[in-house]
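The values are calculated or read from the model by the stated rules, or taken from the named source; none is laboratory data. Just so it is clear, the structure is predicted and the values come from calculations on it, not from any experiment. Cβ atoms come from the backbone with ideal geometry, glycine included; neighbour counts cover every protein chain shown. In case anyone asks, the SASA skips ligands and DNA or RNA and just uses the protein heavy atoms, side chains included. Shrake-Rupley method; radii C 1.70, N 1.55, O 1.52, S 1.80 Å.
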Amino acid sequence: MGNPMQASTSLLQQRWQQLRSAQPKLRIRNAAEQLGVSELALLRTEPERIRPLRPDFAALFNQLLDVGPVMTLARNDEVVHETTGILENFEHYQGSGMGLSTGALDLRLFFKQWRHACAVDENGRESIQCFDAAGNAVHKIYRTEATGAEAWKSIIERLADGSAGTAPLEAGEAPEPRKPCADVAALRRDWAALRDLHHFH
């Protein structure tokens with residue numbers, strides 16, 4: 001009797017290949033949305049491209065202090081936050097599960113919502129990608145030409161964990177319905193007046 005999980009993965013891989021053939025410039029985030037799955041679910045259909053990592057995100061960012069410049073990427077449906085520089089001054093607050101980096105990479109990282117990680121090779125473009133419980137990408141770190149090759153490789157070797165690649169993905173939660181803005185002019189005025197990210201809320 002066949003393995004239903006393997007059959008499901010094979011079918012998803014086939015559907016993704018067909019989609020990429022039809023839309024070769026389609027980003028994986030958009031492909032996952034069209035196929036009704038998460039980015040990590042798609043990546044797992046091609047195990048030769050990924051290496052599962054232990055989801056110790058504090059250790060990951062502590063080790064990134066030694067690799068030199070990297071590019072970090074976080075996005076949602078509205079915005080893309082992309083920064084390039086050297087990670088420095090990283091702190092991890094265990095009580096809140098928050099990671100904080102100040103300097104060239106100014107990041108606020110909420111690790112309590114992060115569950116999975118893997119190293120990804122996209123035709124030579126190397127990255128370390130982090131995902132939530134449902135397998136949705138929450139943060140990606142890309143190696144640049146200036147990134148230390150041996151230090152980067154060392155991070156992956158230290159955190160590599162084959163068993164992490166079979167950790168189950170949870171069902172995603174439906175997003176909260178959007179609320180219309182009652183006063184657009186006031187929103188724009190208040191937004192323009194922001195001088196510190198802590199004023200956002």
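Among the residues here, residue 62 qualifies as open to solvent by 50 Å² or more (accessible area, probe 1.4 Å) and touching a His at 6+ places or on another chain (Cβ under 9 Å). Summed over the stretch 135-146, the residues that are open to solvent by 20 Å² or more (accessible area, probe 1.4 Å) and more than 20 Å from residue 84 (Cα to Cα) give a count of 1. Restricted to the stretch 147-191, and to residues there that are surrounded by 13 or more Cβ atoms within 10 Å (Cβ to Cβ) and not in a helix (DSSP H, G or I), the residue that is farthest from the chain's Cα centre (by Cα) is 148. Considering only residues that are part of a helix (DSSP H, G or I) and aliphatic (A, V, I, L, M), look in the stretch 192-201 and name the one that is surrounded by the most Cβ atoms within 10 Å (Cβ to Cβ). If we take residues in the stretch 192-201 being part of a helix (DSSP H, G or I) and aliphatic (A, V, I, L, M), then 197 is surrounded by the most Cβ atoms within 10 Å (Cβ to Cβ).
Residue count for the stretch 64-73 under the criterion of being more than 17 Å from the chain's Cα centre (by Cα) and not in a loop (DSSP other than H, G, I, E, B): the result is 1. Search the stretch 97-128 for residues being of a type outside the set (Asp, Glu) and touching a residue at least 60 places away in the same chain (Cβ under 8 Å), and hand back the single one that is surrounded by the fewest Cβ atoms within 10 Å (Cβ to Cβ). My answer is 108. Restricting attention to the stretch 75-91, the residues being within 13 Å of the chain's Cα centre (by Cα), within 15 Å of residue 143 (Cα to Cα) and open to solvent by less than 80 Å² (accessible area, probe 1.4 Å) number 0.
The one condition from (1) in contact (Cβ under 8 Å) with a residue 40 or more places away in the chain; (2) open to solvent by 70 Å² or more (accessible area, probe 1.4 Å); (3) not aromatic (Phe, Trp, Tyr) that residue 70 does not meet is (2).
Which fully enclosed helices (runs of 4 or more DSSP H) of the stretch 1-59 have 2 or more residues being exposed (fewer than 11 other Cβ atoms within 10 Å of the Cβ) and modelled with pLDDT of 90 or more? So the answer is 4-22.
Got at least one residue in the stretch 115-129 being modelled with pLDDT of 90 or more, of a type outside the set (Gly, Ala, Ser), more than 12 Å from the chain's Cα centre (by Cα) and within 30 Å of residue 196 (Cβ to Cβ)? Scanning the stretch 115-129 turns up no residue that is modelled with pLDDT of 90 or more, of a type outside the set (Gly, Ala, Ser), more than 12 Å from the chain's Cα centre (by Cα) and within 30 Å of residue 196 (Cβ to Cβ). What pairs come out if I take residues in the stretch 48-62 that are of a type in the set (Val, Ile, Thr) and pair them with residues that are open to solvent by less than 20 Å² (accessible area, probe 1.4 Å) whose C-beta lies under 6 Å away, six or more apart or interchain? From residues that are of a type in the set (Val, Ile, Thr), the pairs are 50/43; 50/118; 50/120. Take the residues in the stretch 105-147 that are out of contact with any strand residue (DSSP E or B) (no Cβ under 6 Å at 6 or more places or on another chain) and of a type in the set (A, V, I, L, M), then tell me which one is farthest from residue 41 (Cα to Cα). Across the stretch 105-147, the extreme among qualifying residues is 133.
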